[in-house]
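K.L.:
Would you mind keeping the following structure in view while I ask a few things?
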Amino acid sequence: MRLSFYGATGTVTGSKYLLDDGRAHTLIDCGLFQGFKQLRLRNWEPLPLSIKSLRAAILTHAHIDHSGYLPRLVKDGYAGPVYCTKATRDLCAILLPDAAHLQEEEARYANKRGFSKHAPALPLFTVEDAEKALRLLHTVDFEEPIQLSENSTARLLPAGHILGASMIMVDSAGKRVLFSGDLGRPNDPVMRPPSAVEHADVLVLESTYGDRRHSHENPETELSAHLSRALGRSGVVVIPAFAVGRVQTLLYLLARLKRQGLLKGVPVYLDSPMATDVTRLYQAYWKQHRLSAEDYRAACQVAEFVNSPDDSKALNEKRGPMIIISASGMATGGRVVHHLRAFAADPRNMVLFTGFQAGGTRGAAMVAGAKSIRIHG
């Protein structure tokens, strides 16, 4: 076997691994690079591999740094199967068209303002490319064998993390290679833990997990302490949060805090249509998470779901105390940027980060103590 690395190497985004077992080439994950400009520019470079030689692709999960390059791969000619779990397919059906829409909007904006070096500026991929990519998704159950070639089979193992998230175990000629994907925590408040793996000859571990230990502090206790500080001074708490996974954990924890009386008279707004759609999937895939039917209902009822752009803009005219949860998790774009512009400068308010911040993002700059950030120029 031969293993080649085309992403998530020296950085934590753009996951792409090529496995050549001597009979077939399989692409493991197909993610977009995010963060620093020099990384994002890699998305525009041709992949240094033969797309025609690919027999199959497999996704560990739906997050854009693992699936977001798929429409571009299809645009460049890939037409083979892409294996994933059913939940990953359903999440990709939400995430990939949205990513394509953002690409198209950025190109339109660049052409309107004339700041692109290219004339005209083009999107990395289009909504049509994303729809074509979705038609290539083939769903498999956890532990169901995928025949990659005469030599190799693959199985998807539960990884926790988000709905449908998998580790990928490849058996080939008596050897085992395990791709970790992104891993959930053993004691996550919402998702069930990753399955235990007894043996692999080679472990390809996402570099996000290579140099840290998770805190043992109760996230509910920690969240309560931060919210009490800001809400006690009638502040607005703006929470940039990943629409898939982190938003749902926040809703669950906020519902628990509301039952304890912490949020009395404090409105909570979920300003992310995508996160709203994702949250509804938790009912369909209840076996993959710990939430009871009652927990799920409470999580859905703790916040007012904001869908229209006008309602989102109206939030910026309100005053605290209140909580606004909005995508994106690293404050790279979307509605949360408008909320930061409206509220971040007031010291009574709080910007609360609840997830990993990749280098080169607004979120990473703020967490590192930046005194100012650039928004809309």
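Since every read-out is calculated from the coordinates, none of them should be taken as a lab result. What you are looking at is a predicted structure, and each value in this text was computed from that prediction instead of being measured. Note that each Cβ is placed from the backbone with ideal geometry, even for glycine, and that neighbours are counted across all protein chains shown.
K.L.:
Using every alpha carbon pair in the stretch 2-209, what percent of pairs falls into each 5 Å bin from 0 up to the bin containing the largest distance?
P.N.:
In whole percents, the pair-distance histogram is 1, 7, 16, 20, 20, 16, 10, 5, 3, 2, 0, 0.
K.L.:
Continuing with the same structure: Is there a quick way to get the dipole size of the stretch 2-209? I mean about its Cα centre, with the Cβ of Lys and Arg at +1 and of Asp and Glu at -1; what is the value in debye to the nearest 20?
P.N.:
With Lys and Arg at +1 and Asp and Glu at -1, about 620 debye.
K.L.:
Can I ask one more? Could you tell me the largest-minus-smallest coordinate of the C-alpha atoms of the chain on each of the three principal axes, in descending order and whole angstroms?
P.N.:
64, 52, 34
K.L.:
On full extension of the chain, what length is gained from GLU304 through LEU3, given 0.36 nm per residue of separation minus the C-alpha to C-alpha distance?
P.N.:
That works out to 103.6 nm of additional length.
K.L.:
Ranking VAL177, VAL337 by Cβ neighbours within 10 Å, fewest first, what do you get?
P.N.:
VAL337, VAL177
K.L.:
In straight Cα distance, which lysines are under 26 Å from LYS117, not counting same-chain residues fewer than 8 positions off?
P.N.:
Those lysines meeting the cut-off are LYS37, LYS75.
K.L.:
Short version: ³J(HN,Hα) in whole Hz for each residue of the stretch 316-328, in order, from phi by Karplus 6.51 cos²θ - 1.76 cosθ + 1.60 (θ = phi - 60°), x for Gly and Pro, what are they?
P.N.:
3J(HN,Hα) across the stretch 316-328, in whole Hz: 6, 8, 7, 10, x, x, 6, 10, 10, 9, 8, 7, 9.
K.L.:
For the stretch 219-367, take every pair of Cα atoms, bin their distances at 10 Å starting from 0, and report each bin as a whole percent.
P.N.:
That works out to 11, 44, 37, 8, 0, in percent per bin.
K.L.:
Report the residue, chosen from HIS289, HIS118, HIS66, that carries the largest GNM mean-square fluctuation when the chain is represented by alpha-carbon nodes joined by springs under 10 Å.
P.N.:
In the Gaussian network model the winner is HIS118.
K.L.:
Still on this structure, I have one more. Work out the length of the dipole vector of the stretch 150-254 about its Cα centre, built from +1 on the beta-carbon of each Lys and Arg and -1 on the beta-carbon of each Asp and Glu, and round it to the nearest 20 debye.
P.N.:
With only Lys, Arg, Asp and Glu charged at Cβ, the dipole is about 320 debye.
K.L.:
Quick query: amide H of LEU148 versus all other amide H atoms, modeled in the peptide plane; which residues come in under 5 Å with a sequence gap of 5 or more or a different chain?
P.N.:
THR153, ALA154
K.L.:
Mind jotting down the distance between the C-alpha centroids of the stretch 151-166 and the stretch 302-358, whole Å?
P.N.:
The two parts, judged by their Cα centres, are 33 Å apart.
K.L.:
Under 29 Å Cα to Cα from LYS318, which lysines show up? Leave out anything in the same chain fewer than 8 places away.
P.N.:
LYS258, LYS264, LYS371
K.L.:
Tell me what the chain gives for mean residue ellipticity at 222 nm when only DSSP H runs of n ≥ 4 count, each as -39,500 (n - 2.57), the sum divided by the residue total, rounded to 500 deg cm²/dmol.
P.N.:
Value at 222 nm, helices only, nearest 500: -9500 deg cm²/dmol.
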